[in-house]
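Written below as structure tokens is the structure these notes are about.
The values are calculated or read from the model by the stated rules, or taken from the named source; none is laboratory data. Everything numeric in this text was worked out from a predicted model, so none of it was measured. Positions of Cβ are backbone-derived with ideal geometry, glycine not excepted, and every protein chain shown enters the neighbour counts.
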Amino acid sequence: MRDRLRAEILDRGFNTELNSFTQTYGGRQVDAALLAIPQVGFLAYDDEGMLSTVAQLERELLTDEGLLLRYRTETGIDGLEPGEHPFLACSFWLVEQYARTNRRDDAGALMDKLIGFSNELGLLSEEFALEEQRMAGNFPQAFSHLALVRAADAMHGVDRLSLAVTPSSQEPT
């Protein structure tokens, strides 16, 4: 059953014209939740289909300020009013994806920006209102913090890997 479902997802959930996984079977829209594909072990972070999906997410959902929207709310697929702010968890998922595919500079820049949205106690909200430059949605938001931990772990793994392969006469500190 698992193998049949996997084949179905690969066949119907990947739009060859867009060269991307999509929000729905046969759809044309992407959703930041597609970044969970490698997190759950369905495909590797550096799988060609995953990398092309990330490129499509960047084209369609990345704001001018560099945050990732969950999806385009204008489609009305969920019945909610258009106009959600970027969900911080989605951008942390993108940090994780960048880190796991050696996009170290992109991962670091986005992580720094996201950490900058925390309050004086280091707490994060669910969303960030870019125009008003303020936290929005549920506060504090556990999903934002969980995604932050995953992103930090991914970046730490990249740091460890680079230390292990970088020739040096000094011991890492």
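Observations
- Cβ pairs under 7 Å, 6+ apart, first in the stretch 64-81 and farther than 19 Å from residue 107 by Cβ, second modelled with pLDDT under 65: 73/80; 73/82; 74/82
- Filter result for residue 120 (without any contact (Cβ under 8 Å) to a residue 40 or more places away in the chain, within 16 Å of residue 69 (Cβ to Cβ) and part of a loop (DSSP other than H, G, I, E, B)): no
- The stretch 11-44 - residue that is aromatic (Phe, Trp, Tyr) and part of a loop (DSSP other than H, G, I, E, B) and, of those, nearest to residue 99 (Cα to Cα): 42
- Residue in the stretch 34-55 that is touching a Ser or Thr at 6+ places or on another chain (Cβ under 9 Å), under 21 Å from residue 130 (Cα atoms) and surrounded by 14 or more Cβ atoms within 10 Å (Cβ to Cβ) present: no
- Residue identified as at pLDDT below 95, surrounded by fewer than 22 Cβ atoms within 10 Å (Cβ to Cβ) and in a helix (DSSP H, G or I) among 65, 74, 84: 74
- Residue among 132, 126 that alone is farther than 23 Å from residue 56 by Cα, modelled with pLDDT under 90, touching a Gly at 6+ places or on another chain (Cβ under 9 Å) and acidic (Asp, Glu): 126
- Positions within the stretch 87-109 being within 16 Å of residue 156 (Cβ to Cβ), aliphatic (A, V, I, L, M) and within 8 Å of the chain's Cα centre (by Cα), in sequence order: 95
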